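What follows is a short report on a single structure.
The values are calculated or read from the model by the stated rules, or taken from the named source; none is laboratory data. Everything numeric here is computed off the predicted structure, so don't read it as measured data. So basically every Cβ, Gly included, is an ideal-geometry build from the backbone, and we count neighbours across all protein chains shown.
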Amino acid sequence: MSADMLLPRLGVNVDHVATVRQARHASYPDPVTAAALAELAGAAQITVHLREDRRHIQDRDVQLLRQTCQTRLNLEMAATPEMMRVAFEVRPDMVTLVPERRQEVTTEGGLDVIGQKDALKRFIADLKGAELKVSLFVDPDVEQVQMAARVGADAIELHTGRFCEAKTADVRKDEHRRLVDAAKTAVKVKLACYAGHGIHYDNVHDIASILEIEELNIGHSIVARAILVGMERAVADMARLAREARQAALAEARR
Ligand code: PXP
């Protein structure tokens, strides 16, 4: 295995470039342009969430990204018939199924894979029947991860929100332990393991150093920083921090 394969892939979520555009119903800033700049700066994937209410990313963005994305396109979506049709048409490199509530400011929790196992199994089978790959966004809960494997997912994305938002050292430690346990379980049940939500420049270290995590999807912190320093520098800084954390963790594991 080459050293590069052990480094986490950085997926840059450009939803909030579209949030700024939609605030004025303007044609700029264009998330498609932002995605190209992110790729130039080292993003290994572009992630977008096409929400039912189209509050940020629009259908046109997803279609253009499919045509222009030079790396991988990860489409986050709810498990609905409408989104199934979009996935069939766009054919992203990964479909990430997320729970969606209209009133929420952002995705609040992971999917309840256990509670929705039969519906998810059918939905995933239809996507996989069209040769699409499917990841499930789940809380770092061992039983949810195990069920993700049973319903046929290829991967899980661990919800890192609770870890990232922890207010005390104890909660932070507990949440980190949950992420580690869930990541190890994913590998055991042969799921690729990704992580995302709330990851910032000052907490990426503790997540990127979990060796089982192959991919990080990061949006708000990068777009927020890009407003001040530019997309290329914002992405390059994050890619470097993730790489350095992983290299240090690998060196430690080999000792
Ligand atoms: N991964 C998933 C599944 C998400 O829903 C989101 C938020 O859209 C992200 C990653 C990115 O989260 P953030 O914008 O907090 O970095």
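Taking Gly42 as the residue in question, decide whether it is touching a strand residue (DSSP E or B) at 6+ places or on another chain (Cβ under 9 Å), away from the ligand (no atom under 15 Å from the Cβ) and not aliphatic (A, V, I, L, M).
Working: touching a strand residue (DSSP E or B) at 6+ places or on another chain (Cβ under 9 Å): yes; away from the ligand (no atom under 15 Å from the Cβ): yes; not aliphatic (A, V, I, L, M): yes.
Judged against the criteria, Gly42 is a match.
Would you pick out the residues in the stretch 109-139 that are under 19 Å from the mean Cα position of the chain (by Cα) and over 24 Å from Leu73 (Cα atoms)? If the condition is that a residue be under 19 Å from the mean Cα position of the chain (by Cα) and over 24 Å from Leu73 (Cα atoms), then Asp112 is the only one that fits.
Are there strands (runs of 3 or more DSSP E) fully within the stretch 37-111 with at least 3 residues that are among the β-branched types (Val, Ile, Thr)? List them.
Details: elements: 45-49, 73-77, 94-97.
Qualifying strands (runs of 3 or more DSSP E): 45-49.
Write out, first by first residue and then by second, each pair whose Cβ atoms fall under 8 Å of each other, whose residues are 6+ apart or on separate chains, and whose first residue, in the stretch 230-255, is touching a residue at least 12 places away in the same chain (Cβ under 8 Å) and under 17 Å from Asn217 (Cα atoms) while the second is of a type in the set (Ser, Thr, Tyr) and not in a helix (DSSP H, G or I). Matching pairs, first to second residue: Asp237/Tyr201; Met238/Tyr201; Leu241/Tyr201; Ala245/Ser209; Arg246/Ser209.
The rows are residues; the columns are (1) under 24 Å from Thr71 (Cα atoms); (2) hydrophobic (A, V, I, L, M, F, W, C); (3) in contact with a Ser or Thr (Cβ under 8 Å, 6 or more places away or on another chain); (4) buried (at least 20 other Cβ atoms within 10 Å of the Cβ).
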site: Thr185; (1), (2), (3), (4): no, no, no, yes
site: Val189; (1), (2), (3), (4): no, yes, no, no
site: Gly198; (1), (2), (3), (4): yes, no, yes, no
site: Leu211; (1), (2), (3), (4): yes, yes, no, no
site: Ile218; (1), (2), (3), (4): yes, yes, no, yes
site: Gly230; (1), (2), (3), (4): yes, no, no, no
site: Ala248; (1), (2), (3), (4): no, yes, yes, no
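Scanning the stretch 1-28 for residues that are out of contact with any Leu (no Cβ under 9 Å at 6 or more places or on another chain), outside any helix (DSSP H, G or I) and within 16 Å of the ligand (Cβ to nearest atom) turns up Val12, Asn13. Does Thr33 satisfy the condition of being within 11 Å of the ligand (Cβ to nearest atom) and not in a strand (DSSP E or B)? Considered against the rule, which asks whether it is within 11 Å of the ligand (Cβ to nearest atom) and not in a strand (DSSP E or B), Thr33 comes out as no. The numbered conditions (1) of a type in the set (Asp, Glu); (2) more than 15 Å from the ligand (Cβ to nearest atom); (3) assigned to a helix (DSSP H, G or I) are all true for Asp237 except (2).
Summed over the stretch 163-215, the residues that are among the β-branched types (Val, Ile, Thr) and either more than 15 Å from the ligand (Cβ to nearest atom) or more than 22 Å from Leu250 (Cα to Cα) (or both) give a count of 7.
Looking at this structure, is Leu97 modelled with pLDDT of 95 or more, closer than 21 Å to Ala41 by Cα and aliphatic (A, V, I, L, M)? No; evaluated as a whole, the condition is false for this residue.
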